[in-house]
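One structure below.
Quick note: the coordinates plus some simple rules give every number you see, no bench work behind them. Source: prediction; values computed, not measured. Reconstructed Cβ throughout: ideal geometry from the backbone, glycine too, with neighbour counts over all protein chains shown.
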């Protein structure tokens, strides 16, 4: 069963069906909505009914053909249908290729919260082809590059610099397949898989620099931005871009991050492309959404901040008072850095 959305399937569905049939598979397909608001229990329920009506058995499998939403929904359905089916990730967006397709996290948004319902279910394989990246619209590329900068910021200065240098020399939104692009994506995949391999289920007791939790850099604010705008204004990576800037500002205000390092982060996020505005959003609503983030431990939000590029630090929410949070939100979201 191929699961995709209308746009991606119109571009690559025929090729996927043909290749599977040539290999002897009987192929069916199901299309879901395009966008974060379709990452819901209702979409999964519809897909599960379709799997049942199609007669899928334990020996069958799913293929996720699309971006992060398709991958999360497909993976979650595969995790729960018949207590677990095999599935293959074929990510077609930059965000999915370097991040969401790797690691086995699946799930949906629920009751205004990001990824509140889900499961760890590892794919049998991840097949990333850079050719589909040529067809991505500019905003999808911006979202993907923000996720790349995030991984560099918490991973290593080498990965951070390689990503920023690629953006400076090749630019966005135009992107063409090349050995250099393949090498960069492979480096990001290697970093993500190394983190997952050492901490697959994100142990809440780990606070070291190779905990899987460091991958949440920028996500505390990002999830709040997505929630208060009902998942209609920001693509996920765009929200992460804004979230990284706020986390960097918090890091500086706490005395963890030198101003020159913060400028490096700001410049790198700026290379990713224009971000949607957040100037009109209410700070109290954002703070309330942050308080409901699923990454809480012992009732408090756990922030991923920076000591320097490539050196993340997990900080207990008790260290970040409401005044400091509001000041940091205001400094970034009201400053017009989205342009």
Practice item. Relative to the longest principal axis of the C-alpha atoms of the chain, give the angle of the C-alpha long axis of helix 41-54, reported between 0 and 90° and rounded to the nearest 10°. Key: 20 degrees
**Study point:** Stretchable slack from residue 190 to residue 10, in nm (0.36 nm times residue separation minus alpha-carbon distance)
**Key:** 61.8 nm
Practice item. Report the label-to-label distance for residue 156 and residue 283 in nanometres (one decimal), using points 7 Å from each Cα along the Cα→Cβ vector. Key: 3.9 nm
Exercise for review: May I ask for the distance between the Cα centers of region 146-163 and region 178-239, given as a whole number of Å?
Suggested key: 11 Å
Check your understanding: For the Cα atoms of the chain, what angle does the longest principal axis make with the long axis of helix 236-253, in degrees from 0 to 90, nearest 10?
Key -> 20 degrees
**Study point:** Potential extension, residue 208-residue 327 segment - 0.36 nm per residue separation minus Cα distance
**Key:** 40.1 nm
Practice item. For region 242-296 and region 86-129, compute the distance between their C-alpha centroids and round to whole Å. Key: 24 Å
Exercise for review: Go through 160-170, 234-244, 175-185, 77-87 and give me the packing order, highest mean Cβ count within 10 Å leading.
Suggested key: 234-244, 77-87, 160-170, 175-185
Revision key, fill the gap. Length gained if residue 307 through residue 80 is fully extended, taking 0.36 nm per residue and subtracting the Cα-Cα distance, is 77.7 nm
Check your understanding: Using the Cα atoms of the chain to build a convex hull, what is its mean projected area in square nanometres?
Key -> 15.9 nm²
Check your understanding: Tilt of helix 259-271 relative to the longest C-alpha principal axis of the chain, in degrees (0 to 90, nearest 10)?
Key -> 40 degrees
Point to revise | All Cα pairs of region 43-148, percent lying beyond 19 Å | key: 43 percent
